[in-house]
Amino acid sequence: MAANQTSLSNGKVTFPSTDLEQQSTLELEAAKEFDYSKRSQWLRAAVLGANDGLVSTASLMMGVGAVKQDIKAMILTGFAGLVAGACSMAIGEFVSVYSQLDIEVAQMKRDKQRGAEEEEEDDDRDVDKESLPNPLQAAAASALAFSMGAIVPLLAASFIKEYRLRVGMIVGTVSLALLVFGWLGAFLGKAPLVKSAARVFVGGLIAMGITFGLTKLIGSSAL
């Protein structure tokens, strides 16, 4: 009896794995193999575009608000910043992506001239052409992302006539949006949530504070 117990204790007992366990294992392995860095290009453009629109427009409105308490002046400044920033982002992205497109097309032509591809690889070359970057799509996406961020401080200040309450609403709304943008970018990219959100939050507040302070200083001086 003791010998049987010893053999059982020393032996290895295996149990058949269920289909649910196998499925969970495969899903875990797939998640580990997924490269989140592939998201970096479009994620960077979207998050930076929205954050740029948010911070730059809010800073412009805060700067004007430092010397003029008129709501009309702040709204017009914010709207001008939205339009100018969206156009600038779109043109810059269009030129940048078009340059990248020219480089890739030129490289494909050089490869074709060298005869590096075989006949059966012609279909692959067609696929490559379809996957080339689209300058118009990139420009539209960049302008849209900027506009989505820039509209936040505009909406926050549009219906508040009292100056201090208006400025406080802009700061509060922009601060919340900064935290959301920072958290969203970190979540989609699987980066540290708290650190990324705090970095975006602090950077945005510093930009608004510097713009407000310098404009206030220059506006109150003899210059």
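Return the residues of region 81-113 that are more than 20 Å from Leu48 (Cα to Cα), of a type in the set (A, V, I, L, M, F, W, C) and either over 26 Å from the mean Cα position of the chain (by Cα) or surrounded by 15 or more Cβ atoms within 10 Å (Cβ to Cβ) (or both); say none if nothing qualifies. The answer is Leu101, Val105, Ala106, Met108. Return the residues of region 195-212 that are among the small types (Gly, Ala, Ser) and in contact (Cβ under 8 Å) with a residue 60 or more places away in the chain; say none if nothing qualifies. Correct list: Gly203, Gly204, Ala207. The single residue among Ala66, Ala50 that is in contact (Cβ under 8 Å) with a residue 40 or more places away in the chain, under 30 Å from Lys216 (Cβ atoms) and in contact with a Lys or Arg (Cβ under 6 Å, 6 or more places away or on another chain) turns out to be Ala66. For region 86-106, give me each residue that is within 12 Å of Gln137 (Cα to Cα) and among the small types (Gly, Ala, Ser). Scanning region 86-106 gives a single hit, Ala90. Listed by first and then second residue, the pairs linking a residue in region 146-167 that is without any contact (Cβ under 8 Å) to a residue 40 or more places away in the chain to a residue that is aliphatic (A, V, I, L, M) and assigned to a helix (DSSP H, G or I), with Cβ atoms under 6 Å apart and 6 or more places separating them unless they lie on different chains, are Ala156/Met169; Ala156/Ile170.
Which residues, taken from region 152-172, are more than 19 Å from Lys72 (Cα to Cα) and either in contact with a helix residue (DSSP H, G or I) (Cβ under 7 Å, 6 or more places away or on another chain) or assigned to a loop (DSSP other than H, G, I, E, B) (or both)?
None; the set is empty.
When only residues in region 177-223 that are assigned to a helix (DSSP H, G or I) and in contact with a Lys or Arg (Cβ under 8 Å, 6 or more places away or on another chain) count, which is surrounded by the fewest Cβ atoms within 10 Å (Cβ to Cβ)?
Our first condition is that a residue be assigned to a helix (DSSP H, G or I); within region 177-223, this holds for 177-188, 193-220.
Adding the requirement that they be in contact with a Lys or Arg (Cβ under 8 Å, 6 or more places away or on another chain) leaves 182, 186, 188.
On the way: Gly182: 25, Ala186: 19, Leu188: 14.
Only one residue fits best here, namely Leu188.
Report yes if Gly78 is at pLDDT 90 or above, in a helix (DSSP H, G or I) and surrounded by 17 or more Cβ atoms within 10 Å (Cβ to Cβ), otherwise no. For Gly78, the condition - at pLDDT 90 or above, in a helix (DSSP H, G or I) and surrounded by 17 or more Cβ atoms within 10 Å (Cβ to Cβ) - is met.
Of the residues making up region 117-147, those that are at pLDDT below 80, touching a helix residue (DSSP H, G or I) at 6+ places or on another chain (Cβ under 9 Å) and either within 30 Å of Met89 (Cα to Cα) or of a type in the set (A, V, I, L, M, F, W, C) (or both) are Asp128, Lys129, Leu132, Pro133. In region 31-75, which residue that is among the small types (Gly, Ala, Ser) and at pLDDT below 80 is farthest from Ala186 (Cα to Cα)? Across region 31-75, the extreme among qualifying residues is Ala31.
The values are calculated or read from the model by the stated rules, or taken from the named source; none is laboratory data. All values reported here derive from a predicted model rather than from experimental measurement. Glycine gets a Cβ as well: all are built from the backbone with ideal geometry, and neighbour counts include every protein chain shown.
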